[in-house]
Structures are given as C-alpha cells and as structure tokens.
C-alpha cells in the first residue's frame, strides 16, 4: 500500500492555557499523517509566538491574527501552505474564521458548537456547499469504536424498532462560580457574547443530542425542555432536562448538567429496541453492553475480531489489541483520520467512501444550533412541545 500524503495543518486558537487546542494537536498528529506547520494561537501576538516556539514552528508562519494567517499562507507556495485549519477558539469566533478560510480555499475542522446562532450556521452551510471544501465538526464521542459498533447494530436492525433513548452528560466543574475567579475555560463559556445563548446546553448538550442521533439514525423532532441556572449570578444555563420525540415514534430523555457534584465527564446512553437494548458509557468506553429480552446481558469489547466482523467502522477506529484501553485522544484522532482521507480524496478528484465520510460535518452543526435554539425557546415559552424543523 502506498504511503498516504502527509497533510499540513494550521490552527486558530489553542494558545497558552487552552485545553481543547492541545487535544486537537495531539490527536491530529497521533497517526503520523498530519503535521502542524502554522497558526494564530492567541488574540495576543506574544502568546501566539510563545505557542509557536513550544511547537518548534517557523516563526514566519506564526501569525498575530487569523486574517494575517490567511494572507501569509496564500503567499506560501501551494505545495507548502496548509491544507486545512483547525478552529479551537471560543464559539463566537467560529463563524467568521471558518467563513474566511473557506472562501480563501482551505478545508476546515471546527470545534463545536459550530456557530452561536442558527442564522450563522445556515450561512456557513451555504458557504461549505458553494466552495466544495471539506468541513469537519469535532463531536468527539462519535469517534469511539464501540459507539460505531452500536450504530451499526441498530442500522442493520439487530435491536428492532427503536422505542426509547436516554442520554445523559453530567459534570461538576461549574458547581461554583468558577468564572468569577478568572478561570479561563469557565470565563468564556459563561459569557453569552463568547459562548452563545447556551451554557451547559451548548457545551455538552449538543454532544448528547448528536450522540443520540448518530447512534439511532433518528432525528430529534420535538423537545419539551426545562432549562436551569443554579449558581447565583451566572448568566447562562448550567443544567438542562429535555423530553424528546424522535423519528419513527421513538421517545427519549436528555439530561445534561455541569453542577452534578461528584461527576467528572459522565456521558452515557441507553437505547431500547423491540428486540435488544444497548448501553455505552464514555467513562468505560471500550465496552458496549447488549441486553436481550428474557436473556443474558452481553458485553462486547473493543478490539476483538467479532467486533470487526460486525462493524467495519469500529474496526477502522481501532488501533491496538483488546485489553489495551483506547479513549479520548483516539476518538478525536479517528475523526481527523476520516477528515484527512476525505481531503485526500478531494485533492485526487475521487469520491470518498461512506466509511471515510464517517465524521461529523456541517449538517450536524446546523442541527446542533437548532437544538440549542429550540430548547431555549421551549423552556422560556408556554407550549408543551416545540418542533425542531431543521
């Protein structure tokens, strides 16, 4: 097999003190197929240069802002300039940065939520379609092999018709007014000007909704929501509870909270069909539990041959033998692998396979913004059910 062309990555955001930017960098480079060569890492030029030095980048390709980065990269010979840019800034910057890089001919990997409004999301979707560039959205958790196995089991009808979906995402890191203490991650996530209209809803609620739709293959059609802010003085929500209606008559429950004391990163999903059920927990991601009516519970374990036989996507997303845990970084890397192979197909003028296209894209971002908007609308209004008509 011929070696794959290494892609060149740029980044906007991810400077000193950032969490998710460094995760993106490590994950993108995990398989040795992507190099980071340029970036505008912080709104302060000195901090951007600091990150560039830490990454041993050519200082001429460490930029003061993203507009200078676009101009600088377009001035680099085509075979040396970046292939794509990863956007890991606060949410309010996602749209203008993605818009300008797309229009300048670059592919995009963007942190979620995609934008801060439905209007921006629809504009971005139009730009992606017009430019024909590859757009990836980092909904991390659909990158896990056992999530893909569960998705494929449902797709082939093994569970029967889906009746009930329960998804939760619980954390405790915002149980106090951490934003008042100047903690960087809390400050921007609690500021509607930077985060958008959703707090916990936008930060982790979109992950939960995306996971439910990805695994079941069913879209959420209606929401009945209760949105809460428990920490005094906080502007945005830190807790949300939603009843769901999904396609094909399925019903659901979605609960997210960042004030659930004792919880770290407890994303979990239960899906109940007519024949079988499945359970997956992000804090124990290598196992998928399958329940049968009147029978025993099976535990499917990542990396085994029987998993590969059932799901080509799960096999593609697995790197090491069973008993050697894979997790968060690998899930990110799986999305980067598929995203990068789609870029390679675009450059070669070939059509990527369905397996390669298995990563969150711009339509997932649009649905995420409709989800946030409709949960807030329902929680503030008097109607029992609000339709998501994305």
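Residues of segment 1-46 that are touching a residue at least 40 places away in the same chain (Cβ under 8 Å), assigned to a loop (DSSP other than H, G, I, E, B) and within 22 Å of the chain's Cα centre (by Cα): 14, 17, 18, 19, 30, 31, 33.
Per-residue answers, yes or no, for (1) more than 19 Å from the chain's Cα centre (by Cα); (2) in the same structural domain as residue 16 (by TED's automatic domain parsing); (3) closer than 29 Å to residue 313 by Cα:
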position: 88; (1), (2), (3): no, yes, yes
position: 113; (1), (2), (3): no, yes, yes
position: 117; (1), (2), (3): no, yes, no
position: 132; (1), (2), (3): yes, yes, yes
position: 158; (1), (2), (3): yes, no, yes
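Each residue in segment 108-118 was checked for being crowded, with 24+ Cβ neighbours inside 10 Å and either out of contact with any strand residue (DSSP E or B) (no Cβ under 9 Å at 6 or more places or on another chain) or closer than 15 Å to residue 66 by Cβ (or both), and 5 pass. If I filter segment 289-311 for residues that are in contact (Cβ under 8 Å) with a residue 24 or more places away in the chain, within 20 Å of the chain's Cα centre (by Cα) and at negative phi, do I get at least one hit? Checking segment 289-311: not a single residue is in contact (Cβ under 8 Å) with a residue 24 or more places away in the chain, within 20 Å of the chain's Cα centre (by Cα) and at negative phi. Scanning segment 90-111 for residues that are under 18 Å from the mean Cα position of the chain (by Cα) and not in a loop (DSSP other than H, G, I, E, B) gives 91, 92, 93, 94, 95, 97, 98, 107, 108, 109, 110, 111.
For the residues 356, 372, 320, 388, the requirement of being in contact with a helix residue (DSSP H, G or I) (Cβ under 7 Å, 6 or more places away or on another chain) and free of Cβ contacts under 8 Å to residues at least 60 places away in the same chain singles out 356. Does residue 196 satisfy the condition of being within 30 Å of residue 278 (Cβ to Cβ), touching a residue at least 24 places away in the same chain (Cβ under 8 Å) and within 21 Å of the chain's Cα centre (by Cα)? Considered against the rule, which asks whether it is within 30 Å of residue 278 (Cβ to Cβ), touching a residue at least 24 places away in the same chain (Cβ under 8 Å) and within 21 Å of the chain's Cα centre (by Cα), residue 196 comes out as no. Please determine whether any residue of segment 301-314 is assigned by TED's automatic domain parsing to the domain that holds residue 85, surrounded by 13 or more Cβ atoms within 10 Å (Cβ to Cβ) and not in a helix (DSSP H, G or I). No, there is no match, as no residue in segment 301-314 is assigned by TED's automatic domain parsing to the domain that holds residue 85, surrounded by 13 or more Cβ atoms within 10 Å (Cβ to Cβ) and not in a helix (DSSP H, G or I).
Report whether or not residue 318 is closer than 18 Å to residue 150 by Cα, part of a loop (DSSP other than H, G, I, E, B), out of contact with any strand residue (DSSP E or B) (no Cβ under 7 Å at 6 or more places or on another chain) and modelled with pLDDT of 95 or more. Yes.
Of the residues making up segment 94-107, at least one is under 22 Å from residue 187 (Cα atoms) and touching a helix residue (DSSP H, G or I) at 6+ places or on another chain (Cβ under 6 Å). Checked against (1) at pLDDT below 95; (2) in contact with a helix residue (DSSP H, G or I) (Cβ under 9 Å, 6 or more places away or on another chain), residue 254 passes all but condition (1).
For residue 81, the conditions (1) over 14 Å from residue 10 (Cβ atoms); (2) outside any strand (DSSP E or B); (3) in contact with a helix residue (DSSP H, G or I) (Cβ under 7 Å, 6 or more places away or on another chain) all hold with the exception of (1).
The values are calculated or read from the model by the stated rules, or taken from the named source; none is laboratory data. Please read all numbers here as calculations on a predicted model, not as lab measurements. Glycine also receives a Cβ, built like all others from the backbone with ideal geometry; neighbour counts cover every protein chain displayed.
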